[in-house]
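Visitor: Please read through the structure below; I'll follow up with questions.
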Amino acid sequence: MVRVVTFLRGLTVLMLVTAVAYVGPAHAASSTGNDVRSRQLQMPGESIRKRPQISVDAVRALSLIMRTENQEDPQYLAARRVVSDGVAARLNLKSSALDGAWSRAPRDHQIAMLSALTQLNVRYVQGKEDSYVKMDCSGLMWFSWRTAGVDMPRQAVSQLDPRMRVDRKDAIAGDVVGEGTHVQMYLGIDLAMIHAPFGGKVVKFKIMSKEQAARVAWTNPSNIAHYRL
């Protein structure tokens, strides 16, 4: 079992690092066929460079924390701070407060949140959870929390299961927030969220209104079983 867990973790990290890394041409292309092959070899690097800078930075931070159990690793903290500063600037939040909220979150919450941030600008498509390509609101939560090692249910209604409920005052970065069939992820302060909105839009940030925050359910996915750590 330990070997399986180690293999899964190593595979996940490898995929993340590969997505970040620049993939250069294998050789100089001298014909049309070679040009096509060269472009194919470059696609992972080209794809990640076209993503929002916050997402690129989140992939870097995520690859670091998933290689270690130590969420206080200086290299990881520096990479995570780049992400929190970027989010704070985008949403006009206080950067020190946001970084503090992330520091207080457990490791699985930090992984889930960083995973969600890697998906910024991914297109909304109902019923999908294809990372970096297309996903819906519950697909985003499913992808993010399963990356963190939590056996997250796929449907929004199940992600708001009463067994996972927490009081709003106790909510932490990475918790799931929602009502009806729409869910989003809390970023830790000032009702800042990341979600995949309806209507063919893309994964993006939002500041939830106080009125909505008072009526939605707040859940902590860590309250259900972990399937791998």
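Visitor: Take the conditions in contact (Cβ under 8 Å) with a residue 60 or more places away in the chain, over 28 Å from K201 (Cα atoms), assigned to a helix (DSSP H, G or I) and out of contact with any strand residue (DSSP E or B) (no Cβ under 8 Å at 6 or more places or on another chain) and apply them to A79. Does it pass?
Guide: It is false that A79 is in contact (Cβ under 8 Å) with a residue 60 or more places away in the chain, over 28 Å from K201 (Cα atoms), assigned to a helix (DSSP H, G or I) and out of contact with any strand residue (DSSP E or B) (no Cβ under 8 Å at 6 or more places or on another chain).
Visitor: Please tell me if S115 is crowded, with 21+ Cβ neighbours inside 10 Å, closer than 18 Å to I224 by Cβ, free of Cβ contacts under 8 Å to residues at least 60 places away in the same chain and among the small types (G, A, S).
Guide: yes
Visitor: A further question follows. Give the residue that is farthest from S96 (Cα to Cα), with candidates limited to residues of the stretch 58-76 that are among the hydroxyl-bearing types (S, T, Y) and part of a helix (DSSP H, G or I).
Guide: S63
Residue by residue, here is whether (1) closer than 18 Å to V122 by Cα; (2) under 17 Å from the mean Cα position of the chain (by Cα) holds:
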| site | (1), (2) |
| --- | --- |
| A171 | no, no |
| D175 | no, yes |
| G199 | yes, no |
| A213 | no, no |
| V216 | no, no |
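Visitor: Being under 23 Å from V125 (Cα atoms) and buried (at least 22 other Cβ atoms within 10 Å of the Cβ) is the requirement here; does V157 meet it?
Guide: Answer is no for this residue.
Visitor: Further, regarding this structure: Out of D175, D190, I need the residue that is crowded, with 20+ Cβ neighbours inside 10 Å, in contact (Cβ under 8 Å) with a residue 12 or more places away in the chain, within 23 Å of S103 (Cβ to Cβ) and of a type in the set (D, E, K, R). Which one?
Guide: Criteria check complete, one pass: D175.
Visitor: Now for a separate question. Out of the residues in the stretch 64-93 meeting the condition of being crowded, with 17+ Cβ neighbours inside 10 Å and of a type in the set (S, T, Y), tell me which one is farthest from L114 (Cα to Cα).
Guide: The residue in question is Y76.
Visitor: Please count how many residues of the stretch 169-187 are at pLDDT 95 or above and in a loop (DSSP other than H, G, I, E, B).
Guide: Residues flagged as at pLDDT 95 or above and in a loop (DSSP other than H, G, I, E, B) within the stretch 169-187 amount to 6.
The values are calculated or read from the model by the stated rules, or taken from the named source; none is laboratory data. All values derive from a computational prediction rather than experimental measurement. Positions of Cβ are backbone-derived with ideal geometry, glycine not excepted, and every protein chain shown enters the neighbour counts.
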